[in-house]
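Readers should treat all values here as calculations from the given coordinates under stated rules, not as data from a laboratory. Note that the structure is a prediction, hence the values are computed from the model and not measured. Neighbour counts are summed over all protein chains in view; Cβ atoms, including those assigned to glycine, are modelled from backbone coordinates with ideal geometry.
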C-alpha cells in the first residue's frame, strides 16, 4: 500500500481543516466553538498537536482498518467504493462528512498534490486565515463561513 499525504484521511476528509488540528496549529480555541456535542468533552482539554488521521491511528469509524485490509491508501481507491460504511458516514448529518464521497472521487481524478492544493484554497479565508470544519466565522476578519459542523 502506497503512503499517502498525512493531510488526507482514509475517508476523504482533509485533515488540514480539522477543528482540533487547526485550533492547535493556530493556537486558537475559537476553532472548537462549533464542534458537535459528541466531541464537546474534548473542547476544554489543552490543544494538542495532531499528525493527521493517517498517522494518529484513532479513526473511530473503521476506515483505517478497512483501507489497510483492502490494501488501499484511501477509500476512493477501493474496489468496493462507495461502500455502505462510507455512504453512511457521508450522510450522517455532519456537513463536513457530506463531502467525503465527492472528495474521494475528486482525489482519484487528479493527483494527490493537486487535490491538496484545492483543499488548502477551499479552507483558507480570503484574508489568509485558516478555516476549519466547525468555525462559523473567520477569527481574523469575522467573515461568515458556509460550512459548519
Mind giving me the nanometre distance, one decimal, between the label points for residue 102 and residue 137, set 7 Å out from Cα along Cα→Cβ?
2.6 nm
Sorting 6, 88 on the 10 Å Cβ count, fewest up front, what's the list?
88, 6
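Based on DSSP H runs of at least 4 residues, each adding -39500 (n - 2.57), what is the mean residue ellipticity at 222 nm of the chain after dividing by all its residues, to the nearest 500 deg cm²/dmol?
-8500 deg cm²/dmol
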Correct option for Kirkwood radius over Cα pairs in Å [calculated from the coordinates] among (1) 15.7; (2) 16.5; (3) 20.6
(1)
Measure nothing but the geometry: give the 0 to 90° angle between the long axis through the Cα atoms of 100-109 and the longest principal axis through the Cα atoms of the chain, rounded to 10°.
60 degrees
If you line up the long axis of helix 112-122 against the longest principal axis of the chain, both from Cα atoms, how many degrees apart are they, to the nearest 10?
30 degrees
Protection proxy (average C-beta count within 10 Å per residue), highest first, orders 107-118, 10-21, 42-53, 133-144 as 10-21, 133-144, 107-118, 42-53
At a threshold of 8 angstrom on Cα-Cα distance, excluding pairs fewer than six apart, so keeping six or more, what relative contact order does segment 30-149 reach in percent?
26 percent
